[in-house]
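Asker: Please read through the structure below; I'll follow up with questions.
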Amino acid sequence: MTDLSSFPIASRWPAKHPDRLQLYSLNTPNGVKVSIMLEELGLPYEAHLVDIGKNESKAPEFESLNPNGKIPAIVDPDGPGGQPIGLFESGAILLYLAEKTGRFLPKDEAKRWETIQWLFFQMAGIGPMFGQVGFFHKFAGREYEDKRPLQRYVDESKRLLGVLDRQLAGHDWIVGDEYTIADIATLGWVNNLITFYGARELVGFDAFANVAAWLERGMSRPAVQRGLKIPSRD
Ligand SMILES: N[C@@H](CCC(=O)N[C@@H](CS)C(=O)NCC(=O)O)C(=O)O
């Protein structure tokens, strides 16, 4: 029986199956990257809901795993050398799971780096910029009289969608014919922008035909549909 007692997070969110990978998350655009990946892989895992609306990601037990106080985070009882490992930052977790399983990261060296490049594009560009659109369009920032911050992030998001649209021209997935962690990282964010954030018209989404077709392709994957709901509040 695996012992997770060296991870304080397991005292607040106890494992029913300590031999399975433990996911601490919520089904936000960053959270679902990991649940989609785990669903795609079919790895046994246990999902724990961390309610960021109740500041649970700032609890000392959570911050003992992620000092940055944000979901998602994991503990894999079967980490390197068979020893447990804790990880945070969704991009790092996707890379870890891809390397562990040999899936969703191309074997070809050049394609592998291309995938990592587009994963970083999501982490450094799409996520932060779309997130600001959410803040200024849907959440507290909506009330701000000065609309320039909203406009800045809308313009930047449109620009990023244009970059993605050109990259997707002529093929099904971000780095070509292979579905990779770059797609897994990006699908939830694009979906969230036009659904939960209600920014479809604001960013002129329908002008990005390649992105729209790619999103539809991604959303038709059963693992993506399942991952988008894990872990949910209800
Ligand atoms: N770069 C981080 C970002 C994680 C992140 O921003 N998570 C949000 C939810 S999408 C969060 O936990 N927010 C709660 C808070 O900031 O208190 C990652 O990709 O893992």
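The values are calculated or read from the model by the stated rules, or taken from the named source; none is laboratory data. Just so we're clear, the structure is a prediction, and the values are computed from it rather than from any experiment. Note that we place each Cβ from the backbone using ideal geometry, even for glycine, and neighbour counts take in every protein chain shown.
Asker: Only one of these is surrounded by fewer than 17 Cβ atoms within 10 Å (Cβ to Cβ), away from the ligand (no atom under 13 Å from the Cβ) and under 21 Å from the mean Cα position of the chain (by Cα): GLY170, GLY162. Name it. Spell out how you get there, then give the answer.
Answerer: Values: GLY170 fails: under 21 Å from the mean Cα position of the chain (by Cα).
Step by step, each of GLY170, GLY162 is checked, and only GLY162 is surrounded by fewer than 17 Cβ atoms within 10 Å (Cβ to Cβ), away from the ligand (no atom under 13 Å from the Cβ) and under 21 Å from the mean Cα position of the chain (by Cα).
Asker: Would it be correct to say that ILE181 is modelled with pLDDT of 95 or more, crowded, with 20+ Cβ neighbours inside 10 Å and outside the structural domain of MET129 (by TED's automatic domain parsing)?
Answerer: Judged against the criteria, ILE181 is not a match.
Asker: State whether the residues of the range 147-154 include one that is within 25 Å of LEU43 (Cβ to Cβ), outside the structural domain of LEU87 (by TED's automatic domain parsing) and either touching a Lys or Arg at 6+ places or on another chain (Cβ under 9 Å) or of a type in the set (Phe, Trp, Tyr) (or both). Even if it seems obvious, please write down each step before you answer.
Answerer: Taking the range 147-154 as the starting set, the residues that turn out to be within 25 Å of LEU43 (Cβ to Cβ) are none.
No: zero hits.
Asker: Suppose the filter is over 16 Å from the mean Cα position of the chain (by Cα), within 13 Å of the ligand (Cβ to nearest atom) and in the same structural domain as ASN191 (by TED's automatic domain parsing); does PHE135 pass it?
Answerer: Against the criterion (over 16 Å from the mean Cα position of the chain (by Cα), within 13 Å of the ligand (Cβ to nearest atom) and in the same structural domain as ASN191 (by TED's automatic domain parsing)), PHE135 qualifies.
Asker: Does the range 68-99 hold any residues that are away from the ligand (no atom under 11 Å from the Cβ) and under 18 Å from GLU178 (Cα atoms), and which are they? Don't jump to the end; show me each part of the working.
Answerer: Here is the first cut: in the range 68-99, the ones away from the ligand (no atom under 11 Å from the Cβ) are 75-86, 95-99.
If the condition is that a residue be away from the ligand (no atom under 11 Å from the Cβ) and under 18 Å from GLU178 (Cα atoms), then LEU95, LEU97, ALA98, GLU99 are the ones that fit.
Asker: Taking only the range 179-229 into account, find how many residues are over 25 Å from HIS137 (Cα atoms) and in a loop (DSSP other than H, G, I, E, B).
Answerer: Total satisfying the criteria: 4.
Asker: Then there's this: Give the residues of the range 82-113 that are touching an Asp or Glu at 6+ places or on another chain (Cβ under 9 Å) and part of a helix (DSSP H, G or I), sorted by residue number.
Answerer: Across the range 82-113, the qualifying residues are TYR96, LEU97, LYS100, LYS111.
Table: residues versus (1) under 27 Å from GLN22 (Cα atoms); (2) touching a residue at least 12 places away in the same chain (Cβ under 8 Å); (3) more than 19 Å from the chain's Cα centre (by Cα); (4) not assigned by TED's automatic domain parsing to the domain that holds THR195.
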| residue | (1), (2), (3), (4) |
| --- | --- |
| LEU65 | yes, yes, no, yes |
| SER90 | yes, yes, no, yes |
| ILE93 | yes, yes, no, yes |
| ILE116 | yes, yes, no, no |
| MET123 | yes, yes, no, no |
| PHE130 | no, yes, no, no |
| GLY141 | no, no, yes, no |
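Asker: Checking THR2 against (1) closer than 30 Å to TYR179 by Cα; (2) more than 16 Å from the ligand (Cβ to nearest atom), only one condition comes out false. Which one?
Answerer: It is condition (1) that THR2 fails.
Asker: Please go through the range 66-86 and give me each residue that is surrounded by 20 or more Cβ atoms within 10 Å (Cβ to Cβ) and among the hydrophobic types (A, V, I, L, M, F, W, C), ordered by number.
Answerer: Across the range 66-86, the qualifying residues are ILE71, ALA73, ILE74, VAL75.
Asker: Part of a loop (DSSP other than H, G, I, E, B), more than 20 Å from VAL190 (Cβ to Cβ) and more than 13 Å from the ligand (Cβ to nearest atom): is that true of GLU145 in this structure?
Answerer: Here the answer is yes, as GLU145 does meet what is asked.
Asker: Could you say which residue among LEU160, LEU150, LEU228 is aliphatic (A, V, I, L, M), under 14 Å from GLY134 (Cα atoms) and touching a Gly at 6+ places or on another chain (Cβ under 9 Å)?
Answerer: Of the residues listed, the single one that is aliphatic (A, V, I, L, M), under 14 Å from GLY134 (Cα atoms) and touching a Gly at 6+ places or on another chain (Cβ under 9 Å) is LEU150.
Asker: Just checking, which of GLU145, GLU216, GLU178, GLU201 is touching a residue at least 12 places away in the same chain (Cβ under 8 Å) and of a type in the set (Asp, Glu)?
Answerer: Going through GLU145, GLU216, GLU178, GLU201 in turn, just one is touching a residue at least 12 places away in the same chain (Cβ under 8 Å) and of a type in the set (Asp, Glu): GLU178.
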